[in-house]
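Engineer: One structure, as structure tokens, below. Some questions next.
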Amino acid sequence: MTPGWRGTGHRSMRWLFGGGRFGGWLSGVGFALVASLLLAGCTPTGIAIGAGARVATAAAEERGLRGSAEDTWVTTEINRRWFEFDHRLPLQATVTVRDGVALLTGVVDTADLRLAAVRLAWSEEAIHRVINELRVAGQDSRTQGDTADAGRDLWIAKTLEARLLFDGEILSINYAVDVADRVVYLMGTAQSAAERDRVIAHARDIAHVRRVVSYVGIKGAPGD
């Protein structure tokens with residue numbers, strides 16, 4: 001993180017978004033387009049395809065373009081706060097944000113880092129709930145992971161994402177998947193209880209999965 005982030009760079013981002021967090025000309029559509037320009041490559045074709053795909057995907061989600069853009073912004077801000085506090089935090093912990101709910105997963109070196117990660121996540125004004133699934137290294141045998149474990153977690157996540165994508169009875173874009181130490185964490189909004197249960201069943205059916213933790217809400221349900 002460069003020293004200029006909180007100076008010129010941070011002021012530039014505030015100019016793009018206007019006086020409020022998303023009060024300027026860069027609405028959800030604009031945010032998605034700018035992100036696409038950064039991620040899709042420099043060729044006109046790559047920019048057009050990348051921007052179009054990301055905007056279309058965000059628009060189709062239950063949270064919509066604006067919600068998707070704000071979640072992305074808040075995720076970036078939390079990671080920035082973590083890095084400024086201790087550069088190890090964003091390397092050891094993962095934050096997934098959907099609709100103002102932050103899910104924290106991973107294994108951190110100390111209890112102080114775990115507490116700091118939670119405190120800094122709460123410091124974002126858009127966050128109204130923090131789900132703390134962080135563990136401290138050495139406190140139980142499950143935290144003694146290695147590169148093979150990390151590779152297995154990635155394989156589980158990608159396998160589940162593929163299953164959800166190709167299941168015609170599931171709107172996969174409404175779900176976020178995170179895997180830590182073979183525990184699958186699900187966030188998102190299901191169209192029905194049946195769809196939610198189908199997603200959970202897919203996760204449980206994947207080899208090496210120890211446990212599935214669902215924070216999936218149901219569309220139209222109280223509190224969703």
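Engineer: Going residue by residue through the range 136-150, is there one that turns out to be under 19 Å from the mean Cα position of the chain (by Cα), within 26 Å of I78 (Cβ to Cβ) and in contact (Cβ under 8 Å) with a residue 24 or more places away in the chain?
Structural biologist: Scanning the range 136-150, I find no residue that is under 19 Å from the mean Cα position of the chain (by Cα), within 26 Å of I78 (Cβ to Cβ) and in contact (Cβ under 8 Å) with a residue 24 or more places away in the chain, so the answer is no.
Engineer: Pairs, please: C-beta under 7 Å, at least 6 apart or cross-chain, first residue more than 19 Å from A162 (Cβ to Cβ) and in the range 188-207, second of a type in the set (D, E, K, R) and surrounded by fewer than 16 Cβ atoms within 10 Å (Cβ to Cβ)?
Structural biologist: Pairs that qualify, where the first residue is more than 19 Å from A162 (Cβ to Cβ) and the partner is of a type in the set (D, E, K, R) and surrounded by fewer than 16 Cβ atoms within 10 Å (Cβ to Cβ), are T189/K219; T189/D224; Q191/K219.
Engineer: Can you tell me how many residues in the range 153-162 are over 17 Å from the mean Cα position of the chain (by Cα) and crowded, with 18+ Cβ neighbours inside 10 Å?
Structural biologist: Residues meeting the conditions: 1.
Engineer: Say we look at the range 106-130 and pick out the residues that are touching a residue at least 40 places away in the same chain (Cβ under 8 Å) and β-branched (V, I, T); which of these is farthest from L89 (Cα to Cα)?
Structural biologist: I127
Engineer: Give the range 211-224 a look and list any residue that's more than 19 Å from N132 (Cβ to Cβ) and in contact (Cβ under 8 Å) with a residue 12 or more places away in the chain, or say none.
Structural biologist: Listed by number, the residues that qualify are I218, K219, D224.
Engineer: Can you tell me which residues in the range 173-224 are surrounded by 16 or more Cβ atoms within 10 Å (Cβ to Cβ), at pLDDT 95 or above and in a loop (DSSP other than H, G, I, E, B)?
Structural biologist: Scanning the range 173-224 gives I206, V209.
Engineer: Right, another one. Within the range 166-202, which residues are farther than 13 Å from D153 by Cβ and among the aliphatic types (A, V, I, L, M)?
Structural biologist: Result: I170, L171, I173, A176, L186, M187, A190, A193, A194, V199, I200, A201.
Engineer: Which residues, counting only those in the range 119-133, are of a type in the set (A, V, I, L, M, F, W, C) and under 15 Å from the mean Cα position of the chain (by Cα)?
Structural biologist: Hits for the range 119-133 are A121, A126, I127, V130, I131.
Engineer: Sticking with this structure for a sec: List pairs: first residue in the range 77-93 and part of a helix (DSSP H, G or I), second residue surrounded by fewer than 17 Cβ atoms within 10 Å (Cβ to Cβ) anywhere in the structure, Cβ distance under 6 angstrom, at least six positions apart or on different chains.
Structural biologist: What qualifies is F83/M1; P90/F83.
The values are calculated or read from the model by the stated rules, or taken from the named source; none is laboratory data. Since the structure is predicted, the reported quantities are computational estimates derived from the model, not experimental observations. Every residue, glycine as well, gets a Cβ built from its backbone with ideal geometry; the counts of neighbours run over all protein chains shown.
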